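To keep things clear, I will list the structure first and then write my remarks on it.
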Amino acid sequence: MGTVTRISSEVYTSDSEKGFAVNHSTPSELDAGAKFVLVAQGSWLHCGYHLTTSIVAPVLLTLPFAFTLLGWVGGVLWLTLAAVTTFYSYNLLSVVLEYHAQLGHRQFRFRDMARDILGPGWAKYYVGPLQFAICFGTVIGGPLVGGKSLKFIYHLYNPEGSMKLYQFIIICGVITLILAQLPSFHSLRHVNMISLILSVLYATCVTVGSIYIGHSKNAPPRHYSVRGSDADRLFGVFNGISIIATAYASGIIPEIQATLAPPVTGKMLKGLCICYSVIATTYFSVAISGYWAFGNKSGASVLANFIGETKPLLPKWFFLMTNIFILLQVMAMTAVYLQPTNEIFEATFGDPKKGQFSIRNIVPRVVLRSLAVAAATVLAAMLPFFPDIMALFGAFGCIPLDFILPMVFYNMTFKPSKYTITFWVNTFIAVVSSVLVVIGGIASIRQIVLDAKTYNLFADM
C-alpha cells in the first residue's frame with residue numbers, strides 16, 4: 001500500500017548537517033496522486049476547514065462516557081492535556097514539512113516524511129499501511145454512523161417500520177460514493193466549511209439538551225463515582241484515555257498541509273488555530289455538560305441518554321435536527337478520509353503526463369473509487385460492531401501517528417541538543433505515548449473479548 005510511483009530522474013542527496021536524505025525532484029516529476037489529488041491551491045482558511053472536519057466528528061459524543069471511566073478530575077485533565085499535546089504535535093509536523101519545503105523538496109504524504117526521515121522500509125511497511133488502516137477504517141465507520149442516525153430518524157416517526165440498519169448504511173454509502181468522485185482534496189473546501197458549521201451546531205444542540213435535561217423535573221439521578229471492580233476501573237482508565245486520544249486524532253496532517261498553495265510557512269499554524277478554537281468550543285461543552293447531566297450513567301453516545309427509560313426527554317424535532325446535523329457532517333468527514341485512498345489509487349493507476357480529466361485518468365479514478373466505497377459500505381453493513389475494532393485501531397494507529405512520530409520526526413530532523421527542553425519534552429511525550437499504545441491496545445482487546453458474545457454479522461443494532 002505504501003508504494004509511491006517513482007520517477008527515475010529523482011535525485012537524492014544527503015544533508016550531512018541534519019542527517020537525512022532530501023529528494024530534489026521537481027514539481028513536473030510529481031506522481032498522479034500528488035499532482036491530481038493533493039492539489040496545492042488552498043489557503044490557510046481552507047486548511048482550517050480540512051483540519052476541523054478531520055478531527056471534530058461524532059466521536060465527541062462519546063466524551064461524557066470517557067469521563068465515566070476517568071472521573072471529573074481525570075476527564076478534564078486528560079481532555080486538556082490531549083488538546084495541548086496534539087496541537088503541539090501537529091505544529092511540529094508542520095514545522096518539519098515547512099523545513100523540507102524550504103530545502104526544495106516538499107513532502108506531500110505521511111509516508112513521504114517517513115521515507116525521507118526514517119527510511120523507505122518505515123514508509124512502505126509501517127507508516128503507509130498504518131495510515132491506510134486508520135483512514136479506510138474511518139471510511140467504513142462513516143456510513144455506519146450515518147446509517148444509525150438515519151435509522152433513528154426513521155424510527156422516530158415510524159416506530160413500527162420494517163427497514164433494517166444495513167439498508168440505511170447503503171443509503172449513506174451511496175452519498176459517500178457521490179462525494180468520492182470529487183477530484184481532489186481541495187475540491188472539498190466548501191463541503192468542509194459547511195462541515196465545520198454543522199459540528200458546532202450539533203455540539204451546541206447536545207450541550208443545550210444536556211443542560212435542559214439536567215435542570216428538568218425528569219432529570220435522572222446523578223452520581224460521579226467510577227463504577228466497577230478494581231480491574232474494571234484500571235482498564236477503564238486506559239479505555240477512557242484511548243477514547244479521548246482518538247477524538248483528537250487526525251492521521252492526515254501532511255496530506256492536509258499538501259493542499260496549501262506555496263509558500264506554506266505559517267499557514268498551517270493559522271489553520272490549527274481555527275480548528276482548535278472549534279475543538280475548545282465543542283469538546284469541553286459536550287463532555288462537561290453531558291457528564292454533569294447524566295453522571296456515571298452516561299452512555300457510549302450521550303444522545304442515548306436523551307431517550308430516557310420510558311419516553312424521550314426532548315421533543316422529536318430536537319432529535320430530528322441533531323441527527324440531520326450529525327448525518328451530514330459525518331458524510332463530509334468520510335469524504336476527507338477517502339483522500340489518502342484516492343491518492344494511492346491515482347498514484348498507482350493514474351498517468352501524470354495526461355490531463356487530470358482525460359479519459360485515461362477518469363475511467364480508473366471512477367471505477368477504483370467506486371469499488372473502494374462499495375467495499376467499505378459492505379463491511380459497515382456486515383460489521384455493525386466495528387466501533388469496537390476501531391478502538392483497537394485507535395490505540396495502535398492514532399497514537400503512533402499523532403503522538404509519537406511527530407516527536408521522532410522533529411528530533412531526527414532538527415537534532416535539538418539533549419540539554420534543551422524541546423528534546424526532553426518530545427522524548428517524554430513519545431515514551432509515555434508508546435506505553436499508552438501497549439496498555440490501550442490491551443484494554444481495547446479486552447473490551448472486544450467481553451463484547452464478542454453480542455457480535456452478529458449484519459446485525460440490526
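The values are calculated or read from the model by the stated rules, or taken from the named source; none is laboratory data. As the structure is a computational prediction, the values presented were derived from the model and not from experiment. Virtual Cβ from ideal backbone geometry, glycine too; neighbours counted across all protein chains shown. Surface areas here come from the heavy atoms of the whole protein model, side chains and all, with no ligands, DNA or RNA. Shrake-Rupley method; radii C 1.70, N 1.55, O 1.52, S 1.80 Å.
Taking the criterion of being at pLDDT 90 or above and over 24 Å from ALA395 (Cα atoms), would at least one residue in segment 333-340 satisfy it? No: segment 333-340 contains no residue that is at pLDDT 90 or above and over 24 Å from ALA395 (Cα atoms). Summed over segment 306-320, the residues that are part of a helix (DSSP H, G or I) and over 15 Å from TYR202 (Cβ atoms) give a count of 1. Of the candidates ALA380, ALA347, ALA430, ALA374, the single residue that is under 27 Å from LEU51 (Cα atoms), over 21 Å from the mean Cα position of the chain (by Cα) and aliphatic (A, V, I, L, M) is ALA347. Against the definition (touching a residue at least 60 places away in the same chain (Cβ under 8 Å), surrounded by fewer than 20 Cβ atoms within 10 Å (Cβ to Cβ), aromatic (Phe, Trp, Tyr) and not in a loop (DSSP other than H, G, I, E, B)), how does TYR202 come out, yes or no? Spelling it out, it is not the case that TYR202 is touching a residue at least 60 places away in the same chain (Cβ under 8 Å), surrounded by fewer than 20 Cβ atoms within 10 Å (Cβ to Cβ), aromatic (Phe, Trp, Tyr) and not in a loop (DSSP other than H, G, I, E, B).
Scanning segment 93-116 for residues that are assigned to a helix (DSSP H, G or I) and open to solvent by less than 10 Å² (accessible area, probe 1.4 Å) gives LEU93, SER94, VAL96, LEU97, HIS100, PHE110, ARG111, ASP112, MET113, ALA114, ASP116. Taken over segment 304-314, the residue count meeting the criterion of being open to solvent by 50 Å² or more (accessible area, probe 1.4 Å) and under 26 Å from the mean Cα position of the chain (by Cα) is 1. Taking the stated definitions as given, is GLY240 open to solvent by less than 50 Å² (accessible area, probe 1.4 Å), without any contact (Cβ under 8 Å) to a residue 12 or more places away in the chain and out of contact with any Lys or Arg (no Cβ under 6 Å at 6 or more places or on another chain)? Spelling it out, it is not the case that GLY240 is open to solvent by less than 50 Å² (accessible area, probe 1.4 Å), without any contact (Cβ under 8 Å) to a residue 12 or more places away in the chain and out of contact with any Lys or Arg (no Cβ under 6 Å at 6 or more places or on another chain).
Looking only at residues in segment 250-303 that are under 16 Å from TYR224 (Cα atoms), among the polar types (S, T, N, Q) and crowded, with 21+ Cβ neighbours inside 10 Å, the one that is modelled with the lowest pLDDT is SER298.
For segment 205-216, a residue qualifies if it is buried (at least 19 other Cβ atoms within 10 Å of the Cβ) and in contact with a Ser or Thr (Cβ under 9 Å, 6 or more places away or on another chain), and the qualifying residues are CYS205, VAL206, THR207, GLY209, SER210. Within segment 393-438, the set of residues being open to solvent by less than 30 Å² (accessible area, probe 1.4 Å) and β-branched (Val, Ile, Thr) comprises ILE399, ILE404, THR413, ILE429, VAL437.
Checking each residue in segment 315-326 for being open to solvent by 20 Å² or more (accessible area, probe 1.4 Å) and in contact with a helix residue (DSSP H, G or I) (Cβ under 8 Å, 6 or more places away or on another chain) picks out LYS316, LEU320, MET321, ILE324, PHE325. Among the residues of segment 146-182, the one identified as outside any helix (DSSP H, G or I) and open to solvent by less than 30 Å² (accessible area, probe 1.4 Å) is GLY161.
Scanning segment 154-188 for residues that are farther than 16 Å from LEU327 by Cβ and among the aliphatic types (A, V, I, L, M) returns ALA180, LEU182, LEU188. Entry remark, segment 345-356: residues being closer than 23 Å to VAL191 by Cα and either touching a strand residue (DSSP E or B) at 6+ places or on another chain (Cβ under 7 Å) or open to solvent by 20 Å² or more (accessible area, probe 1.4 Å) (or both) number 2 in total. Tallying residues that are within 18 Å of ASN342 (Cβ to Cβ) and part of a helix (DSSP H, G or I) within segment 29-46 yields 7.
Screening LEU450 on (1) open to solvent by 70 Å² or more (accessible area, probe 1.4 Å); (2) among the hydrophobic types (A, V, I, L, M, F, W, C); (3) modelled with pLDDT of 85 or more shows it passes everything except condition (3). ALA231 meets each of the listed conditions (1) open to solvent by 40 Å² or more (accessible area, probe 1.4 Å); (2) touching a residue at least 40 places away in the same chain (Cβ under 8 Å) apart from (2).
Where helices (runs of 4 or more DSSP H) fall entirely within segment 343-449, those with at least 2 residues that are more than 27 Å from ILE171 (Cβ to Cβ) are at 359-382, 405-414.
Restricting segment 44-67 to residues that are at pLDDT below 95 and open to solvent by 40 Å² or more (accessible area, probe 1.4 Å) leaves a set whose member that is farthest from LEU272 (Cα to Cα) is PHE65.
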